[in-house]
Each structure stands twice: as structure tokens, then as C-alpha cells.
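Enquirer: After the C-alpha cells below, expect a handful of questions from me.
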């Protein structure tokens, strides 16, 4: 993940955006609470970070409830990452 984190820094993501994004990638389809626990970023802080990542095209809200899905940072059109 270190290489991914360096790449994310190079595209000017903040430290919190990186923590949240990497945690979301590792968890796959997950809730804000799950991402908060994994990333150790306060749950109330997660929401604006998710909004920012969504604007950048890196995450999307799943159609089922309030799950968060992640995309690869290169804007992979193959879809979402669920691993």
C-alpha cells in the first residue's frame, strides 16, 4: 500500500483522504462506521472526506443503503473495487 499512498499524495490528496480511501479499498463495500474504525478518522470527519473523494471520482455511494464503494485512483472504468 505504500506505493499507492505515494501515488495518492502525488495527486494531492490530504492525509485524511488517503487514510479514508485506503481503508475503503481494504474493506471493500463498507459503511462510514467501518471506514472510520479502520482509518482511525473520526466518523463525523469521514462525511466531508467522502464527499471530497466522491467529487474526485474515487468513491461512490452504493445503491444498496449507505455503503461506500471505491474506485481505483487512475479512474478505472472497469468498475468498483470490492476486495
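No lab work stands behind these numbers, since they all come straight from the coordinates. Being a predicted model, the structure only gives us computed values, none of them experimental. Methodologically, a virtual Cβ is constructed for each residue, glycine included, from the backbone with ideal geometry; neighbour enumeration extends over all protein chains shown.
Enquirer: Go through 56-62, 24-30 and give me the packing order, highest mean Cβ count within 10 Å leading.
Expert: The most tightly packed comes first, giving 24-30, 56-62.
Enquirer: How would you order 14-20, 47-53 from highest to lowest mean count of nearby Cβ atoms within 10 Å?
Expert: Descending mean neighbour count gives 14-20, 47-53.
Enquirer: Over 17 Å apart: what share of the alpha carbon pairs of the stretch 2-72 falls there, rounded to a whole percent?
Expert: Within the stretch 2-72, distances greater than 17 Å cover 32 percent of Cα pairs.
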